[in-house]
Each structure stands twice: as structure tokens, then as C-alpha cells.
1. Confirm whether LEU45 is of a type outside the set (Val, Ile, Thr), at pLDDT below 90 and assigned to a helix (DSSP H, G or I).
2. Just to be sure before I move on: is VAL75 more than 29 Å from ILE14 (Cα to Cα), of a type outside the set (S, T, N, Q) and part of a helix (DSSP H, G or I) in the structure I sent?
3. Here are some residues: ARG36, ARG71, ARG52, ARG61. Which one is touching a Ser or Thr at 6+ places or on another chain (Cβ under 8 Å) and not hydroxyl-bearing (Ser, Thr, Tyr)?
4. Mind checking which pairs have a first residue in the range 94-105 that is of a type outside the set (S, T, N, Q) and a second that is surrounded by 13 or more Cβ atoms within 10 Å (Cβ to Cβ) and outside any helix (DSSP H, G or I), Cβ under 6 Å, 6 or more apart or different chains?
5. Can you pull out every residue in the range 16-27 that is over 15 Å from LEU45 (Cβ atoms) and either in contact with a Lys or Arg (Cβ under 6 Å, 6 or more places away or on another chain) or surrounded by 11 or more Cβ atoms within 10 Å (Cβ to Cβ) (or both)?
Amino acid sequence: MATDDEFFAHLDSIGEDEVRRQVARDEYGTPGSQRRSVVELWLRLKAESRARESASRKESREEMSLLISRRALRVSWLATIIAATAIILNISDKSDQFVLFLQRLGVLKPYLSA
């Protein structure tokens, strides 16, 4: 009998779908036989490998999503600071008009300059 590595190479060459079909037809022996156990081990290893790859891809996507969220937060803070600065500068440029507006509303009393 070939070594497990050689047998695994053979299974790799025919592919997982074909191996599953052959297992269903008992071409590797009946459940519990040594050869069938090796094939089932190979199938489990393939499934575990796919699960690890999937978890790794998911983790990478989550890290990228977190990075994008952090960048968006920094940009939004910067936009907020710029907007607040623009408001302050706009109010200071028109402070006389703003004071007159408040006086007309009765919020501020007119003041007399000496």
C-alpha cells in the first residue's frame, strides 16, 4: 500500500468532489476499514483547511472594516472642526449685525458709547 502522503497526493489529484462520490460508492472500503478511515481523515483535513481559510478571510475583512471606520471617524471630526471654525469666523465678521439683531429682538439693550 502506498504511503499516506502518496495516497493524499492521489486524492488531491482527483479532487474532493470525486473522492466523496467514490466514498459514497464504497470504493475505498466499507466504513471502519483502514483505507476508508484514511480517506475520511483526508476529507476532514480538507474541511478544516477550508474553515481556517474562511476564518482568516473573515478576520481580514473585519480588520479592514475597523480601519475604514477609524478613518471615517477622523475625517468626520476634521469636518466638524472645520465647520465650527467657519461658523465662529462668520459670526465674528458679522458681530455688529448680530448685536443689532439681538437688540431688535429685545435680547440686548442698546448701549451708549461715551
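The values are calculated or read from the model by the stated rules, or taken from the named source; none is laboratory data. Given the structure is predicted, the values throughout are model-derived calculations rather than measurements. Cβ: placed from backbone, ideal geometry, glycine included. Neighbour counts: every protein chain shown.
1. no
2. Judged against the criteria, VAL75 is a match.
3. ARG36 is the lone residue from the list that is touching a Ser or Thr at 6+ places or on another chain (Cβ under 8 Å) and not hydroxyl-bearing (Ser, Thr, Tyr).
4. Pairs found: LEU102/LEU108.
5. If the condition is that a residue be over 15 Å from LEU45 (Cβ atoms) and either in contact with a Lys or Arg (Cβ under 6 Å, 6 or more places away or on another chain) or surrounded by 11 or more Cβ atoms within 10 Å (Cβ to Cβ) (or both), then GLU18, ARG21, GLN22, ASP26, GLU27 are the ones that fit.
Conditions (1) in contact with a Gly (Cβ under 7 Å, 6 or more places away or on another chain); (2) more than 30 Å from PHE7 (Cβ to Cβ); (3) of a type outside the set (Asp, Glu); (4) surrounded by 10 or more Cβ atoms within 10 Å (Cβ to Cβ), marked per residue:
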residue	(1), (2), (3), (4)
VAL38	no, no, yes, yes
LEU41	no, no, yes, yes
LEU45	no, no, yes, yes
GLU59	no, yes, no, yes
LEU66	no, yes, yes, yes
